[in-house]
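Where a number appears in this text, it was derived from the coordinates with a stated rule and is not lab data. What you see is a predicted model, and the numbers here were worked out from it, not measured in a lab. Glycine also receives a Cβ, built like all others from the backbone with ideal geometry; neighbour counts cover every protein chain displayed.
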Amino acid sequence: MILSESHQQFKRELRRFAVEVVAPGAGACDVGGAFVEGNVRALAERGYLGIPWPKDLGGMGLDYLSYAVGVEEVSRVCASTGLTMAAHTSLGTYPIYKFGTKAQKEKYIPRLARGEYLGAFGLTEPNAGSDAAGIETTARKTGQGYLVNGSKRFITSASYAGTVIVAASMDRKLGRKGITCFIAETRTPGFKVASKERKLGLSGSDTVELAFEEMLLPPDSVLGKELDGYRIFMETLDGGRISIGAFCLGMAQCALDTMVEWFKDRNMTQLEQKALSDVATQVEAARQLVYSAAQFKDADIRADKQCAFAKLFASEVAVWAAGVAIDAIGPLAVTDRMPVARVYRDAKLGEIGEGTSEVMRMIIAKEVLKEAKETL
Amino acid sequence: MDLSYSNDQTMVRNMAREFATKELEPIAAEVDEKGEFPHESIKKMAELGLLSMTIPEQYDGAGFDFLSLAIAIEEISRACGSTGVVTAVHNSLAAWPIVNWGTDGQKQQYLPKMATGELLGAFGLTEPNAGSDPAAMETTAVLKGDRYVLNGSKRFITNGGAAQVFIVFARTDPAAGTKGITGFIVERGFKGFSLGKHENLLGLRATANCELVFDDCEVPVENVLGKVGEGFKVALGTLDVSRIDIGAQAVGIAQAALDKAITYSKERKQFGRPICEFEMIQAKLADMATHTLAARMLVYYAAHQKDSGKTRFNQESAMCKLFAAETATFVTREAVQIFGGYGYTKDYPVERYYRDAKCMEIYEGTSEIQRIVIARTLLG
C-alpha cells in the first residue's frame, strides 16, 4: 500500500517533531533510566496522545493508520517514548473508547487524549504471562462496589498513570469467563506501585509491579459488562499489537537509518551491500504488514491474524536489523556513540511484550485454520 | 582426533569452574552494571595460574596447551563474559606473542610478571580509521637513536584502562604497506603514553575498553616485537590463536544461557504446566543445545590443530570464532525469549548474556571478516 498524501504529511510532521523534540534526550534517558516525562508532555501538547479518537472526545480525529505512523516515527528516535505513547493509546485508552459507557468515555477519554492522565493497562501477573486467563487478582462485589486484591507485573507507565485498566477474576472457578475489567483510578486507596523494574532496554519507559490491597472500586468502574473482561482484553491486545508492530518498525527503521548514515560516504563491499539491502527489504515488508493491520482496524474489521503478523514480523525484524547493523558497522555500533546498541536492547521487548512471538504463532496458526474451514 | 580430555585438561576445567562459580558469578551482574574492571578477580586468577596458561614453566608460567586455555576461558565466561575476554586477551593476545616472537630478554623481562598478574596485558591493533582493515593503520613509529617515537591512537582496546603492557602495532615504513608495520611492547609508564576515552559498551562492560594515545611516545628499540616490518604477520598470527579463545568465550556464554533456560523452563508454569512441556520451548532448547555443542567442538578442534603443531590453522580459528559468536547471539536471544518478561529484567542474568554475546561478533574480526578469511583459505 501507499500512504495517502494526508498520511504522508502527518508522517513528515511527526518526523520533524521526533527529530527536533524527542531525539535529543533519547541517549540520556536510556543511560539515566529517567522516565521520558518531558517527551510525554510534548506529545500531549501537540495532541499526539489522542491521535485516533474523535475531536469531540478531545482527540485529533485521525485514524488508526495515522496513529501507527506516529508511533513509528517517535520510536524511530526514542523507543522508550514510542512505547509509552503506544501503551497509553492502545492499551490505556482504547478499551475505554471501545467498551466504555458514554459516561466513562466522557469522563476519561478527553483527559487521556489531552495527556492530563496517562493511561496504563494491568493484565500480566507474576504467574500469568502468556496464560493471561490464569490471573489471580480477585474482585469481590460488595455493597459499595468491588474490592480488588492481588498484584500485576510488567505494567507500562503505571507509576505515572491516572488510570489503569485492571483485569481481575470474580470467580476463579470460571476461568476466563470469570474475568472482569475495571477502570481503576490510581489515586484509589489500596492502589500501590510496589516496585520498579530494571530492564535490558527501554530504560526511559516506566515498568512497574502493582499491588492492590483491598482496593475499593466504585460500581461504575466496571468496563463493559461484568465477566466480559477476557473478551475485552483480548480485543484490546489485538489492537495493541498494531502499535507494538509500529514501535518495532520504528526501531528497525532506526537500524536502517544508522546504516545509511554510516555507508553514505563510504565505498561498500558486496557483503555490506547485502546487509543494507536485506535490512531495507525486511523493514519495508514489516511496514506493509503494520500499515495493513492498521487499515483493517480503520475498516472496523476484526483482524487477529493481521495484527499478529504485524507484531511477530516487525519485532523479529527489529531485533535482527539492529544485529545486522551492528555487524556491518563494527565496534562503534556497540558503544553509546550510536543509537543502534540501544535499539538492540530495546527491540528485544517487541518479541515479548503484548504477547510473545510464541503466542503470536499460536494465534496465527489458529486463525489460518479457522479461515480455511470457513472458506471450505 | 582424540576426543577424550587429558588429566590436565580435566583438572583445568574443574578448577576454573569451581573458581568461576564461587568467585565470578556472584559479582558478574555488579561489575557489568558499573562497568568496573574486576581487579580482585584477576588477582585471584593469577594465583590459580589462569593468567599464565600460555607462558612456559621456565618463565614461571603454567605452560598449558591451547585446549586447556580454551576450556578455562569457556568456564570463566560461563560465569562472567567480561572476565572471560579479559583472561583471553591477557593470555593469547598479550603474553602469547611475546612467547612466540619475543627475544630472550623480552621473555625474561615480561613473562614472569605477566604470569603472576603483576603486569596485565592488552593488544593495540584497531584504530579509529583501521578496524576491519588493519593495514590502513595510521599510528607511526619513527626511529630516533636508540628508541622509536610513536604517534597516533588505538581504539576499542580490551583491558586498555587496566593493563600495564601493550602489544602495539605501528607503521615504521609508510611506503611499504603491510610490510611497513612493526610490533612493539609498550609499557604504561613510557613517556608519551596515555589513556583516551573509556567506551560505554552494550556488553562486556567490565573490560576497561579504552582508547590508547601515543603522543611522541618513546619506546626503546629492544622493545620491538619480532622483526621490524613483520608486525602485520605478528598481528595476524596472534589473532589466529586468540580467535580460538574468543570462540571459547562465546561457547561459555551460550552454555550459561542454555543452562539457565533449561532450569527456568522447568520451573515456570503457564496453562497449568511447566513451559518446558510446550513443543515450541522444547524446539528452542534443542536448537540451542545443538548449536552450543557444535560450537564447542569447532573451538576444541581449532585448539587441537594448534596444539598438534600445525602452523596454519587460520581457517579453523576463523570458523570457530564465527560460528561460536553467532551461536552465542542466537542462544542468548532464545534464552531471553524463554524467560519472557522476566528475561527482559535485570533480575536474571540472561539479559547480560544477550548483550555480551552481541559484542563477540564484532571484536577480533567481525563475522564478515571471518567469512572472508574462510573463503580465502578455500580458494587458495
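Fewest-first ordering of B:Asp259, A:Asp56, B:Asp307, B:Asp356 by other beta carbons within 10 Å of each residue's beta carbon gives A:Asp56, B:Asp259, B:Asp307, B:Asp356. Counting lysine pairs in the range A:247-331 that sit 8 or more residues apart in sequence, or on different chains, and whose Cα atoms lie under 27 Å apart gives 4. Cβ crowding within 10 Å ranks A:Phe191, A:Phe121 as A:Phe191, A:Phe121, fewest other Cβ atoms first. Relative contact order of chain A, taken over Cα pairs closer than 8 Å and 6 or more residues apart, is 17 percent. Give the calculated FRET efficiency between A:Glu185 and A:Asp228 to the nearest 0.05, with a Förster radius of 22 Å applied to their Cβ-Cβ distance. Between A:Glu185 and A:Asp228 the formula returns 0.60. One decimal place: the segment A:Lys274-A:Met362 gains 28.5 nm when fully extended, by the rule 0.36 nm per residue minus the C-alpha distance. Run the reach check for B:Lys144 against lysines, Cα to Cα strictly under 26 Å, same-chain hits fewer than 8 apart removed. What comes back? Here the lysines satisfying the reach criterion relative to B:Lys144 are B:Lys107, B:Lys154, B:Lys179, B:Lys191, B:Lys227, B:Lys233. Helix content alone sets the calculated 222 nm mean residue ellipticity of chain A: runs of n ≥ 4 DSSP H residues at -39500 (n - 2.57) each, divided across all residues, give -16500 deg cm²/dmol. Mean partner shielding of peptide A:269-280, defined as the number of other chain Cβ atoms within 10 Å of each residue Cβ, is 1. Within the range A:119-227, the ratio Rg/Rh, alpha carbon atoms throughout and Rh by Kirkwood, equals 0.96. Inter-part distance, the range A:268-341 to the range B:328-353, computed on C-alpha centroids, equals 20 Å. Measuring between alpha carbons in the structure, the pairs from A:Lys105/A:Lys192; A:Lys55/A:Lys348; B:Lys22/B:Lys197 lying more than 28 angstrom apart are A:Lys55/A:Lys348; B:Lys22/B:Lys197. Think of it as helices only: each DSSP H run of n ≥ 4 in chain B is worth -39500 (n - 2.57), and spread over all residues that comes to -16500 deg cm²/dmol at 222 nm. Per-residue Karplus couplings for the range A:320-333, computed as 6.51 cos²θ - 1.76 cosθ + 1.60 with θ equal to phi - 60°, are listed in order as 5, 4, 4, x, 5, 4, 4, 4, 6, 8, x, x, 4, 6 Hz, Gly and Pro entered as x.
Loop-located trypsin sites (Lys or Arg not before Pro) in the range A:295-376 (DSSP state not H, G, I, E or B) with no more than 15 neighbouring Cβ atoms inside 10 Å: A:Arg302, A:Arg337. The 3J(HN,Hα) values that the Karplus relation (6.51, -1.76, 1.60; θ = phi - 60°) gives for the range B:119-125 are, in residue order, 10, 9, x, 9, 9, x, 10 Hz. Gly and Pro appear as x. Please report the base-10 log of the normalised intensity I(q)/I(0) for the range B:111-269, using a Debye sum with one equal scatterer per alpha carbon and no solvent, at each q in 0.08, 0.13 (1/Å). Debye output, listed in q order: -0.28, -0.64. In order along the range B:239-244, phi translates into HN-Hα couplings of 5, 4, 6, 6, 4, 4 Hz, rounded to whole numbers, per the Karplus curve 6.51 cos²θ - 1.76 cosθ + 1.60 with θ = phi - 60° and x for Gly and Pro. Which of rounded, prolate or oblate describes the range A:25-157 when judged by the alpha-carbon gyration tensor and an a/c cut-off of 1.5? Here the range A:25-157 falls in the oblate category.
Looking only at the range A:47-68, which residues have a backbone nitrogen under 18 Å from a spot 7 Å from the Cα of A:Glu20 in the C-beta direction? Once the point is set 7 Å along Cα→Cβ of A:Glu20, A:47-49 turn out to lie under 18 Å by backbone N, inside the range A:47-68. Only Cα sites of chain B enter the Debye sum here, all with the same form factor; the resulting log10 I(q)/I(0) across q = 0.12, 0.15 1/Å is -0.86, -1.31, listed in q order. Computed extension length for B:Lys346-B:Ala286: 19.1 nm, one decimal, from 0.36 nm per residue of separation with the Cα-Cα distance subtracted.
Each residue, B:Asn100 and A:Lys55, gets one label point 7 Å from its Cα in the Cβ direction; the gap between the two is 7.3 nm.
Projecting label points 7 angstrom from Cα along Cα→Cβ for B:Arg312 and B:Met15 puts them 3.6 nm apart. To the nearest 0.05, how large is the calculated FRET efficiency for A:Ile301 and B:Asp259 if R₀ is 41 Å and r is the Cβ-Cβ distance? Efficiency, rounded to the nearest 0.05: 0.35. Note on chain A: with a GNM built from Cα contacts shorter than 10 Å, the maximum mean-square fluctuation among A:Pro110, A:Pro218, A:Pro126 falls on A:Pro126. Rg and Dmax of the protein assembly as shown, both derived from C-alpha coordinates alone, stand at 28.3, 97 Å.
Between amide H atoms placed 1.01 Å from N, distances below 5 Å from A:Leu200 occur with B:Thr345, B:Lys346, all of them 5 or more places distant or on a separate chain.
Each of B:Asp32, B:Asp133, A:Asp346 has some number of other Cβ atoms within 10 Å of its Cβ, and from fewest to most they run B:Asp133, B:Asp32, A:Asp346.
When only alpha carbons are used to place a centre, the range A:13-49 and the range B:226-283 end up 37 Å from one another.
Spin-label model, A:Glu284/A:Val31: points 7 Å from Cα along the beta carbon direction are separated by 3.7 nm. Mean projected area of the Cα convex hull of the range A:196-343, taken over all directions, amounts to 11.9 nm². Summed over all non-identical Cα pairs, the Kirkwood treatment of chain A gives a radius of 20.8 Å.
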